Amino acid sequence: MDTESILRELTKYIFIGIVSQYGEKPGTVIVTRPDQDNRTTAELYIVSRGTKETKDYWMPVIDDQVLCLLLPNISGKGPSTGYVLGAIYSETDRLPAGAEPSAIILDHPGDMVLNIGGTFKVNAGTLDVHGGGDVVASGISLVNHVHGDVASGTSDTGSPH
């Protein structure tokens, strides 16, 4: 088999596509293949970093450019199960601001949830929190809490306890 034939065969199974919709099965998407006249795939599973005890849930958004892998069907009749291996940065979808080899950046426009069964500890040279909202710890608002039994004026309160 010549190189061109091998590459043509590989592109059936490894390709770059565009997420066009979410699948009916949880954790799946349907991908449009620009290399195949915009045909769509069956539902492809999203490859994640953790799925058992430590779960790392991530779903690409519609129009994300993604790298896909389809496994050959044992019957020899085309592909069977497929996977999205990850999203790809491009001229259209650029790296987030501040991206450099030593950085880890999560730039997310929606809500975020961390479920931690044990202690959550942050060790940082500086912790700089930005935002227009409030910080609430154990039901106490950093912005809107008040101290009772203190005189108003220029006096300082005691240390928190």
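The values are calculated or read from the model by the stated rules, or taken from the named source; none is laboratory data. Please read these numbers as outputs of a predicted model, since none were measured by experiment. A quick note on method: Cβ atoms are made from the backbone with ideal geometry, for glycine too, and the neighbour counts reach across all protein chains shown. All accessible areas refer to the heavy atoms of the entire protein, side chains included, with ligands and DNA or RNA removed. Shrake-Rupley method; radii C 1.70, N 1.55, O 1.52, S 1.80 Å.
Percent relative contact order of segment 26-158, based on C-alpha pairs within less than 8 angstrom and at least six residues apart? Computed over segment 26-158, the figure is 13 percent. Kirkwood-type hydrodynamic radius, the chain: 20.7 Å, calculated from all non-identical alpha-carbon pairs. Distance between the 7 Å Cα→Cβ label points at D2 and L85: 2.7 nm.
Figure note: V146, V61, V84 ranked by solvent-accessible area, largest first, 1.4 Å probe, ligands and nucleic acids not counted: V146, V61, V84. Within the listed set H108, H147, H130, the Gaussian network model of the chain (springs between alpha-carbon atoms below 10 Å) gives the highest mean-square fluctuation for H147.
Placing pseudo-labels 7 Å out from each Cα toward the beta carbon at L10 and T154 gives an inter-label distance of 7.6 nm.
In this Cβ point-charge picture (+1 for Lys and Arg, -1 for Asp and Glu), the chain has a dipole of about 620 debye about its Cα centre. Ordering L114, A97, L70 by Cα displacement along the dipole of the chain toward the positive end leaves L70 in first place; charges were set at the Cβ atoms of Lys, Arg (+1) and Asp, Glu (-1). The sum of -39500 (n - 2.57) across all DSSP H runs of n ≥ 4, divided by the residue count of the chain, sets its helix-only mean residue ellipticity at 222 nm to -1500 deg cm²/dmol.
Note on the chain: with a GNM built from Cα contacts shorter than 10 Å, the maximum mean-square fluctuation among T126, T92, T28 falls on T126. The solvent-accessible area of I46, taken with every protein chain present and a 1.4 Å probe, is close to 20 Å². Here segment 41-127 was treated as a single set of alpha-carbon atoms; its pair distances binned every 10 Å from 0 give 12, 32, 33, 16, 5, 1 percent.
Our note on the geometry: Cα centres of segment 126-145 and segment 49-69, 30 Å apart. For segment 16-87, the Kirkwood estimate of the hydrodynamic radius, built from every pair of different alpha carbons, is 12.6 Å. Measuring r between the beta carbons of N38 and T119 and using R0 = 45 Å, the FRET efficiency lands at 0.35.
Give the calculated FRET efficiency between V146 and H108 to the nearest 0.05, with a Förster radius of 25 Å applied to their Cβ-Cβ distance. Efficiency at R0 = 25 Å is approximately 0.15.
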